[in-house]
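Working notes for the structure below.
The values are calculated or read from the model by the stated rules, or taken from the named source; none is laboratory data. Bear in mind the structure is a predicted one, so any value in this text is a computation, not a measurement. Virtual Cβ from ideal backbone geometry, glycine too; neighbours counted across all protein chains shown. These area figures cover heavy atoms from the full protein model, side chains too; ligands, DNA and RNA do not enter into them. Shrake-Rupley method; radii C 1.70, N 1.55, O 1.52, S 1.80 Å.
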Amino acid sequence: REHLDQDYLDFKYVLSKNSKYFDQACSLLIYVSDLLGHNEDIIKYAPGVIEGGFDNVSEIKNIYVKALLKTKKQQNIIQALKLLDSIIDEDDDVTINNYFMKVRILLDFSEFDEAEATVEKAFARFNPSVELYYLRGLTSLALYKNKKEEEYLDEAINAYQIALEYDNKHNMSRIKLSEAYMLKNMVEDALETLDGFRVYYDENITPEDK
(Lines give C-alpha, C1' and ligand atoms only; values in the text may rest on other atoms or scores of the structure.)
Protein backbone atom coordinates (compact mmCIF):
# COMPACT_ATOMS: atom_id res chain seq x y z
CA ARG A 1 0.00 0.00 0.00
CA GLU A 2 2.80 2.41 0.90
CA HIS A 3 4.50 2.16 -2.50
CA LEU A 4 1.13 2.69 -4.24
CA ASP A 5 0.59 5.88 -2.24
CA GLN A 6 4.01 7.11 -3.33
CA ASP A 7 3.34 6.19 -6.96
CA TYR A 8 0.07 8.10 -6.75
CA LEU A 9 1.84 11.21 -5.48
CA ASP A 10 4.55 10.88 -8.15
CA PHE A 11 2.04 10.66 -10.99
CA LYS A 12 0.05 13.59 -9.59
CA TYR A 13 3.26 15.63 -9.52
CA VAL A 14 4.02 14.81 -13.17
CA LEU A 15 0.50 15.83 -14.14
CA SER A 16 0.83 19.13 -12.27
CA LYS A 17 3.91 19.96 -14.38
CA ASN A 18 2.14 19.23 -17.68
CA SER A 19 5.29 17.51 -18.94
CA LYS A 20 5.81 15.50 -22.11
CA TYR A 21 5.00 12.40 -20.03
CA PHE A 22 1.53 13.71 -19.19
CA ASP A 23 -0.35 11.05 -21.19
CA GLN A 24 1.60 8.13 -19.74
CA ALA A 25 1.32 9.52 -16.21
CA CYS A 26 -2.39 10.00 -16.71
CA SER A 27 -2.92 6.33 -17.61
CA LEU A 28 -0.72 5.13 -14.75
CA LEU A 29 -2.51 7.41 -12.29
CA ILE A 30 -5.82 5.83 -13.30
CA TYR A 31 -4.47 2.31 -12.66
CA VAL A 32 -3.11 3.29 -9.25
CA SER A 33 -6.28 5.22 -8.38
CA ASP A 34 -8.29 2.11 -9.17
CA LEU A 35 -6.21 0.10 -6.69
CA LEU A 36 -6.43 2.83 -4.05
CA GLY A 37 -10.13 3.58 -4.57
CA HIS A 38 -9.61 7.19 -5.69
CA ASN A 39 -12.69 7.39 -7.89
CA GLU A 40 -12.56 11.15 -8.27
CA ASP A 41 -9.22 10.96 -10.11
CA ILE A 42 -10.46 8.20 -12.39
CA ILE A 43 -13.55 10.20 -13.29
CA LYS A 44 -11.43 13.32 -13.86
CA TYR A 45 -8.72 11.84 -16.07
CA ALA A 46 -10.22 8.79 -17.78
CA PRO A 47 -12.24 10.69 -20.44
CA GLY A 48 -9.06 12.32 -21.77
CA VAL A 49 -7.25 8.98 -22.02
CA ILE A 50 -10.24 7.39 -23.75
CA GLU A 51 -10.52 10.24 -26.24
CA GLY A 52 -6.78 10.01 -26.90
CA GLY A 53 -7.20 6.48 -28.23
CA PHE A 54 -4.18 5.00 -26.45
CA ASP A 55 -3.35 1.29 -26.62
CA ASN A 56 -4.82 0.61 -23.17
CA VAL A 57 -8.09 2.46 -23.81
CA SER A 58 -10.23 -0.66 -23.32
CA GLU A 59 -8.80 -1.25 -19.83
CA ILE A 60 -9.29 2.41 -18.95
CA LYS A 61 -12.92 2.23 -20.10
CA ASN A 62 -13.57 -0.68 -17.74
CA ILE A 63 -11.94 1.12 -14.81
CA TYR A 64 -13.95 4.24 -15.66
CA VAL A 65 -17.20 2.25 -15.75
CA LYS A 66 -16.54 0.85 -12.27
CA ALA A 67 -15.74 4.31 -10.91
CA LEU A 68 -18.92 5.79 -12.37
CA LEU A 69 -21.08 3.01 -10.94
CA LYS A 70 -19.56 3.42 -7.48
CA THR A 71 -20.88 6.99 -7.30
CA LYS A 72 -24.47 5.64 -7.53
CA LYS A 73 -25.48 8.88 -9.25
CA GLN A 74 -28.01 8.38 -12.02
CA GLN A 75 -26.24 10.60 -14.55
CA ASN A 76 -23.01 8.67 -13.98
CA ILE A 77 -24.79 5.32 -14.24
CA ILE A 78 -26.27 6.39 -17.58
CA GLN A 79 -22.80 7.40 -18.73
CA ALA A 80 -21.48 4.01 -17.59
CA LEU A 81 -24.19 2.30 -19.64
CA LYS A 82 -23.12 4.22 -22.74
CA LEU A 83 -19.51 3.23 -22.12
CA LEU A 84 -20.50 -0.42 -21.77
CA ASP A 85 -22.32 -0.19 -25.10
CA SER A 86 -19.13 1.22 -26.60
CA ILE A 87 -17.03 -1.61 -25.15
CA ILE A 88 -19.47 -4.30 -26.28
CA ASP A 89 -19.91 -2.89 -29.79
CA GLU A 90 -16.38 -1.70 -30.56
CA ASP A 91 -13.73 -3.39 -28.41
CA ASP A 92 -12.10 -6.74 -29.13
CA ASP A 93 -11.48 -7.83 -25.54
CA VAL A 94 -15.09 -7.83 -24.36
CA THR A 95 -15.83 -9.98 -21.31
CA ILE A 96 -18.95 -11.57 -19.85
CA ASN A 97 -18.60 -9.08 -16.99
CA ASN A 98 -19.28 -6.22 -19.42
CA TYR A 99 -22.60 -7.83 -20.31
CA PHE A 100 -23.27 -8.58 -16.65
CA MET A 101 -22.82 -4.93 -15.64
CA LYS A 102 -25.00 -3.75 -18.52
CA VAL A 103 -27.79 -6.16 -17.62
CA ARG A 104 -27.69 -5.14 -13.95
CA ILE A 105 -28.03 -1.47 -14.92
CA LEU A 106 -30.91 -2.22 -17.29
CA LEU A 107 -32.72 -4.22 -14.61
CA ASP A 108 -32.26 -1.38 -12.12
CA PHE A 109 -33.80 0.96 -14.70
CA SER A 110 -36.66 -1.54 -15.28
CA GLU A 111 -35.59 -1.97 -18.90
CA PHE A 112 -36.52 -5.65 -18.74
CA ASP A 113 -36.92 -6.38 -22.44
CA GLU A 114 -33.57 -4.84 -23.32
CA ALA A 115 -31.96 -6.71 -20.44
CA GLU A 116 -33.36 -10.00 -21.77
CA ALA A 117 -32.14 -9.20 -25.28
CA THR A 118 -28.66 -8.37 -23.92
CA VAL A 119 -28.49 -11.75 -22.18
CA GLU A 120 -29.30 -13.53 -25.43
CA LYS A 121 -26.58 -11.54 -27.21
CA ALA A 122 -24.11 -12.64 -24.54
CA PHE A 123 -25.08 -16.28 -25.13
CA ALA A 124 -24.55 -15.78 -28.85
CA ARG A 125 -21.09 -14.31 -28.26
CA PHE A 126 -19.62 -16.56 -25.57
CA ASN A 127 -19.52 -20.27 -24.85
CA PRO A 128 -22.10 -21.43 -22.27
CA SER A 129 -20.84 -21.07 -18.70
CA VAL A 130 -21.97 -20.83 -15.10
CA GLU A 131 -21.73 -17.03 -15.35
CA LEU A 132 -23.99 -16.85 -18.38
CA TYR A 133 -26.64 -19.11 -16.90
CA TYR A 134 -26.50 -17.21 -13.62
CA LEU A 135 -27.08 -14.00 -15.61
CA ARG A 136 -30.02 -15.56 -17.44
CA GLY A 137 -31.50 -16.71 -14.14
CA LEU A 138 -31.07 -13.26 -12.63
CA THR A 139 -32.83 -11.65 -15.58
CA SER A 140 -35.66 -14.19 -15.73
CA LEU A 141 -36.26 -13.82 -11.99
CA ALA A 142 -36.46 -10.04 -12.35
CA LEU A 143 -38.89 -10.44 -15.26
CA TYR A 144 -41.06 -12.75 -13.16
CA LYS A 145 -41.18 -10.27 -10.28
CA ASN A 146 -42.16 -7.51 -12.69
CA LYS A 147 -44.61 -9.33 -14.98
CA LYS A 148 -45.81 -12.13 -12.64
CA GLU A 149 -45.73 -14.60 -15.52
CA GLU A 150 -44.95 -18.15 -14.40
CA GLU A 151 -42.85 -18.94 -17.47
CA TYR A 152 -40.16 -16.52 -16.32
CA LEU A 153 -39.96 -18.21 -12.93
CA ASP A 154 -39.57 -21.58 -14.66
CA GLU A 155 -36.85 -20.10 -16.88
CA ALA A 156 -35.02 -18.78 -13.82
CA ILE A 157 -35.16 -22.14 -12.07
CA ASN A 158 -33.90 -23.92 -15.19
CA ALA A 159 -31.07 -21.42 -15.66
CA TYR A 160 -29.86 -21.71 -12.06
CA GLN A 161 -30.05 -25.50 -12.21
CA ILE A 162 -27.85 -25.51 -15.32
CA ALA A 163 -25.46 -23.01 -13.70
CA LEU A 164 -25.00 -25.43 -10.81
CA GLU A 165 -24.38 -28.27 -13.24
CA TYR A 166 -21.46 -26.24 -14.55
CA ASP A 167 -20.26 -25.42 -11.03
CA ASN A 168 -22.07 -26.80 -7.98
CA LYS A 169 -19.93 -24.54 -5.77
CA HIS A 170 -21.40 -21.37 -7.30
CA ASN A 171 -23.01 -20.04 -4.14
CA MET A 172 -25.01 -17.21 -5.69
CA SER A 173 -26.71 -19.58 -8.13
CA ARG A 174 -27.61 -21.86 -5.22
CA ILE A 175 -29.01 -18.99 -3.16
CA LYS A 176 -31.01 -17.55 -6.07
CA LEU A 177 -32.30 -21.01 -7.04
CA SER A 178 -33.57 -21.43 -3.49
CA GLU A 179 -35.32 -18.05 -3.74
CA ALA A 180 -36.95 -19.08 -7.01
CA TYR A 181 -38.14 -22.36 -5.50
CA MET A 182 -39.71 -20.45 -2.60
CA LEU A 183 -41.53 -18.15 -5.03
CA LYS A 184 -42.92 -21.28 -6.69
CA ASN A 185 -43.91 -22.71 -3.27
CA MET A 186 -41.43 -25.55 -3.66
CA VAL A 187 -40.32 -25.28 -0.05
CA GLU A 188 -38.62 -28.68 0.22
CA ASP A 189 -36.59 -28.04 -2.92
CA ALA A 190 -35.60 -24.61 -1.59
CA LEU A 191 -34.42 -26.05 1.72
CA GLU A 192 -32.60 -28.93 0.01
CA THR A 193 -30.81 -26.45 -2.24
CA LEU A 194 -29.63 -24.41 0.72
CA ASP A 195 -28.72 -27.57 2.60
CA GLY A 196 -26.44 -28.47 -0.31
CA PHE A 197 -24.69 -25.15 0.24
CA ARG A 198 -24.32 -25.89 3.97
CA VAL A 199 -22.95 -29.38 3.33
CA TYR A 200 -20.38 -28.08 0.87
CA TYR A 201 -19.34 -25.39 3.32
CA ASP A 202 -18.97 -27.85 6.21
CA GLU A 203 -16.95 -30.29 4.12
CA ASN A 204 -14.51 -27.68 2.86
CA ILE A 205 -13.87 -25.59 5.96
CA THR A 206 -10.80 -26.44 7.99
CA PRO A 207 -10.85 -26.91 11.79
CA GLU A 208 -8.68 -23.81 12.08
CA ASP A 209 -11.28 -21.76 10.21
CA LYS A 210 -13.96 -22.85 12.66
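Which order do the peptides 85-97, 26-38 take when ranked by the mean count of other beta-carbon atoms within 10 Å per residue, highest first?
Per-residue Cβ counts within 10 Å, averaged per peptide and sorted highest first, yield 26-38, 85-97.
Residue by residue, what Karplus-based ³J(HN,Hα) values in Hz, rounded to whole numbers, does region 139-145 have, using 6.51, -1.76 and 1.60 with θ = phi - 60° and x for Gly and Pro?
5, 5, 5, 5, 5, 4, 5
Could you please report the charge total around Asn158, scoring K, R as +1 and D, E as -1 over all other residues with beta-carbon less than 14 angstrom from its beta-carbon?
Neighbour charge sum, excluding Asn158 itself: -3.
Two-decimal Rg/Rh of region 66-115 from alpha-carbon positions, Kirkwood Rh?
That ratio is 0.95, to two decimals.
Project the alpha carbons of region 20-69 onto their principal axes and report the range along each, largest first, in whole Å.
Largest to smallest, the principal-axis extents are 28, 17, 14 Å.
Going through the cross-link list Lys72/Lys102; Lys72/Lys148; Lys121/Lys145; Lys102/Lys145, which pairs have a Cα-Cα distance over 26 Å in this structure? Kindly include the intermediate steps, with their values, before the conclusion.
On the way: Lys72/Lys102 14 Å; Lys72/Lys148 28 Å; Lys121/Lys145 22 Å; Lys102/Lys145 19 Å.
Among Lys72/Lys102; Lys72/Lys148; Lys121/Lys145; Lys102/Lys145, the Cα-Cα distance tops 26 Å for Lys72/Lys148.
At q = 0.09, 0.13, 0.15, 0.24 Å⁻¹, what is the base-10 log of I(q)/I(0) for region 7-110 according to the Debye formula with one equal point scatterer per Cα and no solvent? Please give it to two decimals.
Debye curve over Cα of region 7-110, log10 I(q)/I(0) at q = 0.09, 0.13, 0.15, 0.24 Å⁻¹: -0.23, -0.47, -0.61, -1.29.
In whole percent, what relative contact order does the chain give with Cα contacts below 8 Å and a gap of six or more residues?
Here the relative contact order equals 9 percent.
What size of dipole, in debye to the nearest 20, comes out for region 24-98 about its Cα centre when the only charges are +1 on Lys and Arg C-beta atoms and -1 on Asp and Glu C-beta atoms?
With only Lys, Arg, Asp and Glu charged at Cβ, the dipole is about 540 debye.
Compute the Rg/Rh shape ratio of the chain: radius of gyration over Kirkwood radius, all on alpha-carbon atoms.
Checking Rg against Rh, the ratio lands at 1.08.
Would you list Asp113, Asp167 from the most to the least accessible area, probe 1.4 Å? Before the final figure, lay out the partial values.
On the way: Asp113 100, Asp167 55 Å².
The ordering from most to least exposed comes out as Asp113, Asp167.
Starting from the Cα gyration tensor of region 86-160, multiply each eigenvalue by 5, take the square root, and state the resulting semi-axes largest first in whole Å. Can you show the working numbers first?
Values: eigenvalues 94, 39, 13 Å².
Sorted largest first and rounded, they come to 22, 14, 8 Å.
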